[in-house]
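The structure appears right after this line, and notes come after that.
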Amino acid sequence: MSDGDPLLRLDGVRAGYGETQVLDGVSLDVNRGETVALIGRNGVGKTTTLRTILGAVTPTAGTVRYDGEDVTGLGPIETVRRGVGLVPEERRVFPGLTVEENLAVGRYGGSETANRRDPEEVLETFENLGRRRRSRGTDLSGGEQQMLAIGRALVAGADLLLLDEPTEGLAPLIVDRVSELIREINEEGITVLLVEQNVAVALSLADRVYILDRGRVVFEGAPAELEANESVMERHLGVTV
Amino acid sequence: MSAATTLLEQVLNGLTIGMVYVLLAAGLSIIFGVMDVINFAHGEFFALGAYVGLSVALATGSGGFWVALLVAPLLVGLVGAGVERFTIRPLYGRNPLYHILLTFGLVLIFKDVITLIWGQQPYQFAKPPLLSGTVTLFGFDYALYSYFVIGIGALIALGTWLALTRTRYGLVIRAGSMDRDMVRYLGIDIDRYYTIVFAFGAMLAAVGGVVLAGRQNVAPGMGNAVIIPAFIVVVLGGLGSFRGAVVGGLLIGVIQTFVRSQFPFLEGLAVFLLMIAVLLLRPQGLFGNPEWGTGGEGGDLLTAGDADVFDSALKRRIGVGLVGVLAVTPLLIGLPSYYVNTLVVNILIWALFALSLDFVMGYAGLVSLGHVLFYGVGAYATVLAVMHLVPSLFVALAVGIAVSAVIAWVVGYLSIRVSGVYFSMITLAFAELFFSAVFKLEWAGSSDGLFGFDPVYGLFAGPSVGSIELVGGVSVFYYVVLAAVVGSYLLARQVMRAPFGSVLQAIRESELRTGFIGYDVTVYKRRAFVVSGGLAGLAGGLAAVQTGGVSPEFLAWIRSGEVIVMTILGGMGTLYGPMLGAGVYLVSKELLLGITEQWQGVLGLIFVLFVIFVPRGLVSLPGLLAGRFDRSPGGGTDVLAEEETEVTD
């Protein structure tokens, strides 16, 4: 396959939990090297979209293609082994394991991609984690936990990194650092799909933006286009930037 | 011997038995931590280890003990791997209750397999000459074998700890016990580790079995005898905590030994009191951390309420017809009195007991593992009332109901505040507490029980005119039981149709949401528990009259297990399902008794298959067979599919 094809393509994906349908035909593309942001109000299906890409939720209709192959319904383990990484909502750092051990778990899983980082490398780059390598996950601050969750995904190795609300609940100063980190990761060649409540952060990082509303994509375009389109912002996000 | 050496000897005795507990509890605890499985069959791995060790030692002659110590755990580990793969595995994703039920069925199977192979008689395990005799350390004589047990236990605990903390497998297993799904999201197939963990746990238990066999007899009940203390250890140390299992095991061993010698009247009680206190004050145990639990895969309890194919008019006709048949059964000429006055009466009494359990388990989601407590207390209270209070059966039964209800209120008041698995454990502890206590109470007949009270009002004779019996072999008591059971069923059904019942079912579906609507969930659960306790007490009272007395057997935990088996077998959450389950269970038992001595094992096997394939019970069977429930959510065939209940985003 050529590099011109998207790394990730969702086509008419419908999915939900039990009887509750959350995604009502979501289609979106993420190209190699891009940072794409998925934004929208609470409960419109952003996290479900990420979970479906990862394979944790099996769609009732539609397909998920990754790197040219149909990965629909493969399940999270196989999807991750193909090079999809997840930094989940609320970070989900292993609370009783130390920083080093958290990274080591990533090392024992994941995929053998060229983007795979060594735990030591991560501890050097994220110097605040390096200083706390023997602290337990539960003893870290929110910002440190976020860094660790990202670091763990890098150690597991990902060509496509799914980030679910990475700045949620962080102090403004830390938000800036996490944003900077995401930008660096992307510059080093990892494709990023970002779900964010913080629209300003999302627009500052993204090459392209999708807005999700009630399980459907209602807008797709560059951040600048969205900023220029106040009615879309009002209607689907309820914000003005 | 001086006081100091006596003390030292007791500590060493305590540590010796404590080490055996550590070997058992470590596996039990890790298995729970990683897989959320409460393994009642763990004691049977222990027993199997001892028996296999025995056979291996006998076959290999001198030095056989050492071969046994190596080979038996490996073989039992293989058995454990098979058990995980074929019985435990299909149930991941369901409520942890189903693993309790499944492993209870496995206990029945293992026990009978053991007696089938090795028989009932106890064996003596020859200690190797190397470990016999006593040694003198610091001027103090003590059995070498005990030092050996302590040493090998410590060595294995240390090795397990190193494996958990220093190896790749250990790290993934620890991570999995904290957040199983996140491990999967890192691309690690955690399910593959489950077999290893389970097999390893079984191996540790088997080592415990072999080691203890060098100290005491090898007998069929040895698994049963250690499983409850092992649970106490795990609860005390903290479910899922290895450190807790080690500290808890040694602590319980020492406490038991001390209580036995210093406060003999508390023997058997102290550990249960301790367990209850820990569960009430610090449910997560000494070293457990409630925030680290996964809790991600706790599915719903599978009730049969919506898997029912018959409409209510048909059910009513079946019900009325059945009661009609039961009413005339004693009049059928030619039917041996045994079937009427023993089998049918027993079925009716157990049906009532199962009904009482369904009332809380199937409707309020309270999985009581100690329901035999209310049954037993009802039995004792009824008998004591007849003997000392009034010579009226009806008053005595009322006393039984009242006392059981009061005890249920107290137990419910204390234990309903803790949830899920902890609730199950605390009810088990209360039941065991009473079971142990009754042996100490002379006015309750101690281990002999109370027998030989007067059959009141001639209830056991048939109606007669003058000296002519109208119907041979029919007792009025049969009708008393029938009326009590039918009346209780109608009462329970009425309660469930009332708003009270709706609230209970709402609690079972979602406790949180029911609370948000404004109901005081705890109060409703407690009330249901009191009603259930009263009904169980009635069942116990009737059973005591039927038996002609009461003994500690009425409080044995195996009966709690049996009544749960009946409830699930029939289909919980329907009231009549569990009653049907009681009938099928006892009739099967009756039939199997005629064919094989291993009836419990066969029943256990049937039960295991039911838990795996028909979790909604017999009541759901017609629907399953007809395949009519393919599309209805949560019913019929998709029972076996893992359902994501968590809603995010």
* Residue match in region B:105-115 (condition: touching an Asp or Glu at 6+ places or on another chain (Cβ under 8 Å), under 28 Å from B:GLY362 (Cα atoms) and either assigned by TED's automatic domain parsing to the domain that holds B:GLY604 or surrounded by fewer than 21 Cβ atoms within 10 Å (Cβ to Cβ) (or both)) -> no
* **Those residues of region B:87-104 which are farther than 21 Å from B:MET425 by Cβ and in contact with an Asp or Glu (Cβ under 6 Å, 6 or more places away or on another chain), in sequence order** => B:GLY93
* Within region A:109-124, which residues are out of contact with any Lys or Arg (no Cβ under 8 Å at 6 or more places or on another chain) and among the hydroxyl-bearing types (Ser, Thr, Tyr)? -> A:THR113
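B:GLN216: farther than 29 Å from B:LEU78 by Cβ and modelled with pLDDT under 90, yes or no? Quick ask: steps written out before the conclusion?
On the way: farther than 29 Å from B:LEU78 by Cβ: no; modelled with pLDDT under 90: yes.
Judged against the criteria, B:GLN216 is not a match.
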* **Residues satisfying the stated conditions in region B:59-93, i.e. more than 19 Å from B:VAL197 (Cα to Cα), crowded, with 18+ Cβ neighbours inside 10 Å and not aromatic (Phe, Trp, Tyr)** => B:GLY64, B:ALA68, B:LEU69
* Asked: Taking only pairs six or more apart or across chains, which ones have beta-carbon atoms under 6 Å, a first residue in region B:167-182 that is facing chain A (nearest Cβ under 7 Å) and surrounded by fewer than 20 Cβ atoms within 10 Å (Cβ to Cβ), and a second residue that is part of a helix (DSSP H, G or I) and not charged (D, E, K, R)?
  -> B:ARG168/A:TYR108
* Asked: Do you know which residues across region A:104-116 are surrounded by fewer than 22 Cβ atoms within 10 Å (Cβ to Cβ) and either on the phi > 0 side of the Ramachandran plot or more than 13 Å from every other protein chain (Cβ to nearest Cβ) (or both)?
  -> A:ALA114, A:ASN115
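List the helices (runs of 4 or more DSSP H) inside region B:541-627, counting only whole elements, that have at least 1 residues being closer than 30 Å to B:PHE439 by Cβ.
Details: elements: B:557-570, B:576-595, B:599-613, B:621-626.
Fully inside region B:541-627 and qualifying: B:557-570, B:576-595, B:599-613.
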* To do: For residues that are outside any helix (DSSP H, G or I) and either among the hydrophobic types (A, V, I, L, M, F, W, C) or outside the structural domain of B:VAL386 (by TED's automatic domain parsing) (or both), tally how many sit in region B:407-454.
  => 6
* Structure fact -> Scanning region B:26-50 for residues that are modelled with pLDDT of 95 or more and either surrounded by fewer than 24 Cβ atoms within 10 Å (Cβ to Cβ) or touching a Pro at 6+ places or on another chain (Cβ under 9 Å) (or both) gives B:ALA47, B:GLY49
* To do: Out of the residues in region B:571-586 that are among the small types (Gly, Ala, Ser) and modelled with pLDDT of 90 or more, state the one that is farthest from B:ALA543 (Cα to Cα).
  => B:GLY577
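Could you list all residues from region A:8-23 that are over 21 Å from the mean Cα position of the chain (by Cα) and either assigned to a strand (DSSP E or B) or in contact (Cβ under 8 Å) with a residue 12 or more places away in the chain (or both)? Can you show your working first?
Going through region A:8-23, the residues over 21 Å from the mean Cα position of the chain (by Cα) turn out to be A:18-21.
A:THR20, A:GLN21, listed by residue number.
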* To do: Identify all residues within region A:188-241 that are closer than 15 Å to A:LEU8 by Cβ, part of a loop (DSSP other than H, G, I, E, B) and in contact with a Gly (Cβ under 9 Å, 6 or more places away or on another chain); write none if there are none.
  => A:ILE190, A:ASP207
* Right, B:ILE568: farther than 28 Å from B:ALA402 by Cβ, of a type outside the set (Ser, Thr, Tyr), surrounded by fewer than 24 Cβ atoms within 10 Å (Cβ to Cβ) and assigned by TED's automatic domain parsing to the domain that holds B:ALA364 or not? -> no
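So, in region A:88-100, of the ones that are more than 8 Å from chain B (Cβ to nearest Cβ) and more than 18 Å from the chain's Cα centre (by Cα), which residue ends up farthest from A:LEU7 (Cα to Cα)? Give the steps one after another, and end with the answer.
If we filter region A:88-100 for residues that are more than 8 Å from chain B (Cβ to nearest Cβ), which is where we start, we get A:90-91, A:93, A:98-100.
Checking the rest, the ones that are also more than 18 Å from the chain's Cα centre (by Cα) come to A:98-100.
Details: A:THR98: 34, A:VAL99: 31, A:GLU100: 31 Å.
Among residues in region A:88-100 that are more than 8 Å from chain B (Cβ to nearest Cβ) and more than 18 Å from the chain's Cα centre (by Cα), the one farthest from A:LEU7 (Cα to Cα) is A:THR98.
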* To do: For residues that are in a helix (DSSP H, G or I) and touching a helix residue (DSSP H, G or I) at 6+ places or on another chain (Cβ under 7 Å), scanning just region B:140-153, find the one that is nearest to the other protein chains (Cβ to nearest Cβ).
  => B:GLY153
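Taking the stated definitions as given, is B:GLY238 touching a helix residue (DSSP H, G or I) at 6+ places or on another chain (Cβ under 6 Å), within 14 Å of chain A (Cβ to nearest Cβ) and over 30 Å from A:THR113 (Cβ atoms)?
Here the answer is yes, as B:GLY238 does meet what is asked.
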* Any chance region B:516-525 includes a residue that's assigned to a helix (DSSP H, G or I) and over 19 Å from B:SER415 (Cβ atoms)? -> yes
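Residue check: is B:ILE152 out of contact with any strand residue (DSSP E or B) (no Cβ under 9 Å at 6 or more places or on another chain) and under 30 Å from A:ALA149 (Cα atoms)?
Working: out of contact with any strand residue (DSSP E or B) (no Cβ under 9 Å at 6 or more places or on another chain): yes; under 30 Å from A:ALA149 (Cα atoms): no.
Against the criterion (out of contact with any strand residue (DSSP E or B) (no Cβ under 9 Å at 6 or more places or on another chain) and under 30 Å from A:ALA149 (Cα atoms)), B:ILE152 does not qualify.
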* How many residues does region A:1-38 hold that are at pLDDT 95 or above, over 25 Å from A:THR167 (Cα atoms) and polar (S, T, N, Q)? -> 1
* Considering only region B:89-102, state which residues are assigned to a helix (DSSP H, G or I) and either closer than 14 Å to B:LEU609 by Cβ or of a type in the set (D, E, K, R) (or both). => B:ARG89, B:PRO90, B:LEU91, B:TYR98, B:LEU101, B:LEU102
* Asked: Considering region A:129-141 alone, what residues qualify as being surrounded by 15 or more Cβ atoms within 10 Å (Cβ to Cβ) and in a helix (DSSP H, G or I)?
  -> A:LEU129, A:GLY137, A:THR138
* Structure fact -> Of (1) surrounded by fewer than 24 Cβ atoms within 10 Å (Cβ to Cβ); (2) more than 26 Å from B:MET275 (Cα to Cα); (3) free of Cβ contacts under 8 Å to residues at least 24 places away in the same chain, B:GLY221 fails just (2)
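Residues are listed down the side, and each one gets a yes or a no for (1) modelled with pLDDT under 95; (2) within 10 Å of another protein chain (Cβ to nearest Cβ); (3) farther than 30 Å from A:SER204 by Cβ:
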residue: A:GLY40; (1), (2), (3): yes, yes, no
residue: A:THR52; (1), (2), (3): no, no, no
residue: A:THR58; (1), (2), (3): yes, yes, yes
residue: A:LEU74; (1), (2), (3): yes, no, yes
residue: A:LEU86; (1), (2), (3): no, yes, no
residue: A:ASN102; (1), (2), (3): no, yes, no
* Being touching a helix residue (DSSP H, G or I) at 6+ places or on another chain (Cβ under 7 Å), assigned to a helix (DSSP H, G or I), away from every other protein chain (no Cβ under 14 Å) and β-branched (Val, Ile, Thr), is that true of even one residue in region A:162-175? -> yes
* Structure fact -> Picked from region A:5-35 (must be buried (at least 22 other Cβ atoms within 10 Å of the Cβ) and among the β-branched types (Val, Ile, Thr)), the residue farthest from the other protein chains (Cβ to nearest Cβ) is A:THR35
* Which condition number does B:VAL197 fail, the rest of (1) more than 26 Å from B:MET425 (Cβ to Cβ); (2) assigned to a helix (DSSP H, G or I) being met? -> (1)
* Taking region B:183-211 as the search range and keeping residues that are more than 10 Å from chain A (Cβ to nearest Cβ) and β-branched (Val, Ile, Thr), which one is nearest to B:PHE148 (Cα to Cα)? -> B:VAL211
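The values are calculated or read from the model by the stated rules, or taken from the named source; none is laboratory data. Note that the coordinates shown come from a computational prediction; the quantities given were computed from them, not determined experimentally. Cβ sites come from the backbone with ideal geometry, for glycine too, and all protein chains shown count toward neighbours.
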